[in-house]
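Asks: A single structure is presented below for examination.
The values are calculated or read from the model by the stated rules, or taken from the named source; none is laboratory data. Quick caveat: nothing in here was measured; it's all calculated off a predicted structure. Glycine gets a Cβ as well: all are built from the backbone with ideal geometry, and neighbour counts include every protein chain shown. Surface areas here come from the heavy atoms of the whole protein model, side chains and all, with no ligands, DNA or RNA. Shrake-Rupley method; radii C 1.70, N 1.55, O 1.52, S 1.80 Å.
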Amino acid sequence: MSMVKITCPKCNVDGQMSLLDSRYEGPYRCWKCHENFLLVMDSNAVKSCTPMSQEEFERQRELKKQRDRMKGGAD
Ligand SMILES: [Zn+2]
């Protein structure tokens, strides 16, 4: 597990997130402006960070939960 720094594209504040893999695609919420993003990471670097609606954010969160469950991790 590693901590990565994510700069919010909206308000430019730095946030942190822990990653289990060097790759990640899923929801990220800025702690400051509370904007929801779809975050794509590869090799611990941000590939894209695109704003999404609350609805889309909830959907991505569900997808991530399902993926984590399939990996056999404890819920
Ligand atoms: Zn922000």
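Asks: Pull out all pairs, ordered by first then second residue, where Cβ-Cβ is under 7 Å, the residues are six or more apart or on different chains, the first lies in the range 57-75 and is more than 20 Å from residue 38 (Cβ to Cβ), and the second is modelled with pLDDT of 85 or more and surrounded by 10 or more Cβ atoms within 10 Å (Cβ to Cβ).
Replies: 75/69
Asks: (1) of a type in the set (D, E, K, R); (2) farther than 20 Å from residue 3 by Cβ; (3) open to solvent by 60 Å² or more (accessible area, probe 1.4 Å); (4) within 13 Å of the chain's Cα centre (by Cα): which one isn't true of residue 29, the others all being true?
Replies: (2)
Asks: Please work out which one of (1) free of Cβ contacts under 8 Å to residues at least 12 places away in the same chain; (2) open to solvent by 60 Å² or more (accessible area, probe 1.4 Å); (3) assigned to a strand (DSSP E or B) is the condition residue 21 fails and give its number.
Replies: (3)
Asks: On to the next question. Count, please, the residues in the range 32-46 that happen to be more than 11 Å from the chain's Cα centre (by Cα) and at pLDDT 95 or above.
Replies: Summing the residues that are more than 11 Å from the chain's Cα centre (by Cα) and at pLDDT 95 or above in the range 32-46 gives 4.
Asks: Which of the following residues is within 16 Å of the ligand (Cβ to nearest atom), in a helix (DSSP H, G or I) and surrounded by 11 or more Cβ atoms within 10 Å (Cβ to Cβ): 57, 37?
Replies: Exactly one of 57, 37 is within 16 Å of the ligand (Cβ to nearest atom), in a helix (DSSP H, G or I) and surrounded by 11 or more Cβ atoms within 10 Å (Cβ to Cβ), namely 57.
Asks: So in the range 40-54, with the set limited to residues that are more than 12 Å from the ligand (Cβ to nearest atom) and in a strand (DSSP E or B), which one is surrounded by the most Cβ atoms within 10 Å (Cβ to Cβ)?
Replies: 41
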